[in-house]
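The values are calculated or read from the model by the stated rules, or taken from the named source; none is laboratory data. Quick caveat, the model's predicted, so the values are computed rather than measured. Here the Cβ positions follow ideal geometry from the backbone for every residue, glycine too, while neighbour counts run over all protein chains shown.
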């Protein structure tokens, strides 16, 4: 049995369901892996620990991966957990903002700079605006509270499977604008990354890990209600109404074939960032992402 450390991108939530269920169903052990799932104290740390081989795998985000490789981190994408963007711009449904064009002159809250601003800028350009037409406000991680208290008119970087449900629980309906419908190339939201230098040495273990995740995902799709109960019972802290709503909102977005690689998606996003000056040079596909089942 090989010891295997996997660092999550954030505290355990329904986006990690296939990993938690693979653990609960004994699927990792079936593939010869004794997996430890670790939540980070700081969400910026997981890719750095994977790059330093302090953990075997980290969960990260495709847009961040392109930037981190450009900055010299020895990382590579080995699999996909959530295969669609989750990122959305959210406004209150009772506001006068019916489209991205209506953001002109409005205050937009964000939590993380860099990629967020590029994505928002692209959405604005798609509607004939620029960042100069809005007021950006750093609200840290208080995206939903800032909208509820009308501190801002919109937030960017919200997750469509979480923030909308959180607002509804507070009695406020939200309206979402999906970034892939507003000029941003589709990308993988949550991915598995590993140290690129040790990839060949650990390729067999990575393949086993992703096979277990794929089997757990298929089981969840077949048994969504039983899956929720098993996920909830794995940790008392997970038993919240918000997590239950997010569970069902997240299910359709999991990668059914976690090891499969959509090469065009990684090339397109690399081009997108390069053309906007976010990365210094274009990397070849093999430097960004691999198919662990390739011979």
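Some observations on this one:
- Any hit, the stretch 214-224, residues being under 30 Å from residue 127 (Cα atoms) and surrounded by 15 or more Cβ atoms within 10 Å (Cβ to Cβ): no
- Here 258, 295 are screened, and the one residue that is outside any helix (DSSP H, G or I), at pLDDT below 95 and either closer than 30 Å to residue 219 by Cβ or not assigned by TED's automatic domain parsing to the domain that holds residue 17 (or both) is 295.
- Flag for residue 195 being under 18 Å from the mean Cα position of the chain (by Cα), in the same structural domain as residue 12 (by TED's automatic domain parsing) and in contact (Cβ under 8 Å) with a residue 12 or more places away in the chain: no
- Residue 192 on the phi < 0 side of the Ramachandran plot, assigned to a helix (DSSP H, G or I) and either surrounded by 14 or more Cβ atoms within 10 Å (Cβ to Cβ) or touching a helix residue (DSSP H, G or I) at 6+ places or on another chain (Cβ under 8 Å) (or both): no
- Number of positions in the stretch 157-187 that are closer than 14 Å to residue 99 by Cα and either in a strand (DSSP E or B) or free of Cβ contacts under 8 Å to residues at least 60 places away in the same chain (or both): 6
- Criterion violated by residue 244 - all others in (1) under 22 Å from residue 159 (Cα atoms); (2) out of contact with any strand residue (DSSP E or B) (no Cβ under 7 Å at 6 or more places or on another chain); (3) touching a residue at least 60 places away in the same chain (Cβ under 8 Å) satisfied: (3)
- Take the conditions (1) over 18 Å from residue 59 (Cα atoms); (2) in contact with a helix residue (DSSP H, G or I) (Cβ under 6 Å, 6 or more places away or on another chain); residue 157 misses just one of them, which is (1).
- Per this entry, residue 183 is not counted among residues that are modelled with pLDDT of 95 or more and within 30 Å of residue 266 (Cα to Cα).
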